[in-house]
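The structure appears right after this line, and notes come after that.
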Amino acid sequence: MKEYQVVIIGGGPGGYETAIRLAQYGITCAVVESQRLGGVCLNCGCIPTKALVKSAELYREMKEADQYGLPVVDVPVDYARVLERKDKIVEQLVGGIEFLFKKRSIEVIKARATAVTPLDGKWKVSLDSGEEISGDRVILATGSVPKSLPNITIDEVDVLSSTGILAMDKLPKSLAVIGGGVIGCEFASIMNSFGVEVHIIEFLPRIVALEDDEMCRRLAPALKKQGIKVNTKVGLQTIKKTDAGLELGLSNDSTLVVEKVLMAVGRAPNLDIEFPAGAPE
């Protein structure tokens, strides 16, 4: 069993930055990560969405060029190239982290941690590969995963998470965004800018309910002016696949038919690891 001073579970911002700082102090550590370094933020969160935001903003400005005395040219969205640019940005930044790890001799273990148990004053980390490693300390940096609603399954085909919509290879004609928080409003604006018919379904009385009230009062009218249909005080109850598309049953007894659904109802801690009594320090 290979031993380290510190085992870090998760290679996102919390995990990789901690590993780099520990290595700078001469502490031997390993990062357990089943996917690419960078976590949600870099691979399927903040960074790729901002790349899409920039493309969407430029496309909207092109369509509004007449306001600046320039001719408007009807140019279709080449969404494949938009995704290619987004992926290139992500690859470059992931490569930067990998370079720093190599420079600092930080080991990356491509596996998923399944259990953490005490072992002779240390901590044993069991991996889904069947291997086991140990550390004097274990740091949990496992991040979060998208949430859904009861009886609604995210299949990443018709019903998407914020991760799945970033992997979508073509634009749908219509999209229902379930949840009017920051993630939902951002994707609603992006998709609307690319010409997708967008409906926001928010159970609470206002969108971005956790943000400042003044922001909400300004944002809702701005989204509506863009052409986004904002529905508040309405919840999603059912989704039924029909020949016409996905039929959404709403709490106000109405229905809505769209091509795709984005579940943006928040995130939950990613703690799918077995622990004994007495968690690791």
In the range 203-259, what count of residues is obtained for those that are farther than 16 Å from G181 by Cβ and not in a helix (DSSP H, G or I)? 25
Out of (1) surrounded by fewer than 16 Cβ atoms within 10 Å (Cβ to Cβ); (2) closer than 17 Å to V53 by Cα; (3) among the acidic types (D, E), the odd one out for E186 is which? (1)
Restricting the range 45-72 to residues that are assigned to a helix (DSSP H, G or I) and small (G, A, S), the one surrounded by the fewest Cβ atoms within 10 Å (Cβ to Cβ) turns out to be A65
Would you pick out the residues in the range 11-40 that are part of a loop (DSSP other than H, G, I, E, B) and over 17 Å from I273 (Cβ atoms)? Y25, G26, I27, T28, R36, L37, G38
Among residues of the range 97-128 being within 26 Å of the chain's Cα centre (by Cα) and not hydrophobic (A, V, I, L, M, F, W, C), the residue nearest to Q35 (Cα to Cα) is K110
Residues L219, L160: which one is within 23 Å of S55 (Cα to Cα), assigned by TED's automatic domain parsing to the domain that holds V261 and within 20 Å of the chain's Cα centre (by Cα)? L160
When you check D136 against the structure, is it surrounded by 13 or more Cβ atoms within 10 Å (Cβ to Cβ), of a type in the set (D, E) and assigned to a strand (DSSP E or B), yes or no? yes
Index of the failed condition, I200 passing every other in (1) under 30 Å from V75 (Cβ atoms); (2) surrounded by fewer than 21 Cβ atoms within 10 Å (Cβ to Cβ); (3) without any contact (Cβ under 8 Å) to a residue 60 or more places away in the chain: (2)
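The values are calculated or read from the model by the stated rules, or taken from the named source; none is laboratory data. Bear in mind that the values here come from a model prediction, so they are computed numbers and not experimental data. Note that each Cβ is placed from the backbone with ideal geometry, even for glycine, and that neighbours are counted across all protein chains shown.
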